[in-house]
Amino acid sequence: MAPSTSRPDTAAMRLTLRQLRYFVAIAQGRSFSRAAAQLAIAQPALSQNIATLEALMGARLFERHARGVDLSPAGERLLVEAMDLLARLDTLPAQVAGTEARIQGVVRLAMAGSLAAVVVAPLLRQVQERHPGVSLDVSEGLSSEVRMRLESGRVHLAVMPGASELQGIASMPLYEERFMLYGAVGAMQALPATPSFARVAGLPLAEPDGAHDLRKIIERAATQQGLRLDVRYELNSPPMLMAVVREGLAFAIMPPSACVDAVALGDVAGRAIRGGDLARVQAVAWPESPVPGPAEIAVRDLVVQVVHGLIAQGRLPGRRLRPSSTTSTAP
């Protein structure tokens, strides 16, 4: 049941932490019924609290659809502030009592190696400066390896594509990256400035194998257009893919973050591809249970800040996304 569209009289109402906690639970689960079960309260009472919160905010916070609810733009803005406020309030008693002068703990984070090369150094600097009591352990791997580490509980956080499709995993979108065509500089001169996906599909390609997220996206885009990819080499390593490309043996459809070093050396060039749904969303993800502690939350928030900062500086190619928190509804 979604909140009522009627607006209660706000004169006698006030904002409560309970309303914010209810709101966050619904936003993370994308469902009123799921949040009611999690919070052990009746759904009508939950809906009434959200109706009151919407009246106090002066805006609708959720948009209804057949599968549940999504955050409205106002809801997305409130979620960021509410999660930050509740996280700080949870540590307030210890801080006042002087028993916890700083956030402490070990946080294990996994991400793709190509992304780690850009993100890890500034992230470690931020963690050291803002949370010196936190020890950050970063591991790298293919997207499939990163997913397995997160699902198995070997890491607390992961930066990865496709996180919203994983059951039991909450995530916060960071940015969208569009794939480009990469080839040896000489070979690229024979192609148009913006080759069509149909033209690219017929080129000799080097790509990861079929289990890789990147390959799945490219194959799906080809199928949608009735195209067949000419994949000559299957290599699950960006450096090896770039080595094959550099030698002129094949071209590669890759995200720009994986090709920064190769392009900087001047032997490889990239071109935008016209047509085809060739993009993916990178997100920071964490298990729904157990609930992240202060150290994990602190590192997660720094990941968002660092990634968005790198995009603004032009050091990480991509389109920044608003950091709304999501939880998978996969069966």
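The values are calculated or read from the model by the stated rules, or taken from the named source; none is laboratory data. Quantities reported herein were computed from a predicted structural model and do not represent experimental measurements. No Cβ is skipped: glycine too gets one built from the backbone with ideal geometry, and neighbour counts run over all protein chains shown.
When you look at residue 289, is it surrounded by fewer than 18 Cβ atoms within 10 Å (Cβ to Cβ), under 29 Å from residue 151 (Cβ atoms) and of a type in the set (Ser, Thr, Tyr), yes or no? Walk me through how you get there before you give the answer.
Working: surrounded by fewer than 18 Cβ atoms within 10 Å (Cβ to Cβ): yes; under 29 Å from residue 151 (Cβ atoms): yes; of a type in the set (Ser, Thr, Tyr): yes.
In short, yes.
Within the group 114, 196, 171, which residue is touching a helix residue (DSSP H, G or I) at 6+ places or on another chain (Cβ under 6 Å) and either outside the structural domain of residue 294 (by TED's automatic domain parsing) or under 26 Å from residue 274 (Cβ atoms) (or both)? Outline the logic, then answer.
On the way: 196 fails: touching a helix residue (DSSP H, G or I) at 6+ places or on another chain (Cβ under 6 Å); 171 fails: either outside the structural domain of residue 294 (by TED's automatic domain parsing) or under 26 Å from residue 274 (Cβ atoms) (or both).
Just a single option satisfies the conditions, and that option is 114.
Quick check on this structure: which one of 266, 226, 248 is closer than 25 Å to residue 119 by Cβ and over 21 Å from the mean Cα position of the chain (by Cα)?
Working: 226 fails: closer than 25 Å to residue 119 by Cβ; 248 fails: closer than 25 Å to residue 119 by Cβ.
Within the list 266, 226, 248, the selection yields 266.
Enumerate the helices (runs of 4 or more DSSP H) found wholly within the stretch 215-331, keeping only those where 2 or more residues are assigned by TED's automatic domain parsing to the domain that holds residue 31 and not small (Gly, Ala, Ser). Explain how you work it out, then say what you get.
Numbers: elements: 238-246, 260-264, 294-312.
Correct list: empty, since no element meets the threshold.
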Exercise. So which residues in the stretch 40-59 are surrounded by fewer than 16 Cβ atoms within 10 Å (Cβ to Cβ) and closer than 23 Å to residue 172 by Cβ?
Worked result: 59
Seminar exercise, completed: Only unsatisfied item for residue 163, checking (1) at pLDDT 90 or above; (2) under 23 Å from the mean Cα position of the chain (by Cα); (3) crowded, with 18+ Cβ neighbours inside 10 Å, is (1)
Exercise. Does at least one position in the stretch 258-265 carry a residue that is surrounded by fewer than 17 Cβ atoms within 10 Å (Cβ to Cβ) and under 18 Å from residue 191 (Cα atoms)?
Worked result: yes
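Residue 14: exposed (fewer than 15 other Cβ atoms within 10 Å of the Cβ) and either in contact with a helix residue (DSSP H, G or I) (Cβ under 7 Å, 6 or more places away or on another chain) or farther than 20 Å from residue 87 by Cα (or both), yes or no? Reasoning before the result, please.
On the way: exposed (fewer than 15 other Cβ atoms within 10 Å of the Cβ): yes; either in contact with a helix residue (DSSP H, G or I) (Cβ under 7 Å, 6 or more places away or on another chain) or farther than 20 Å from residue 87 by Cα (or both): yes.
When the stated conditions are applied, residue 14 passes them.
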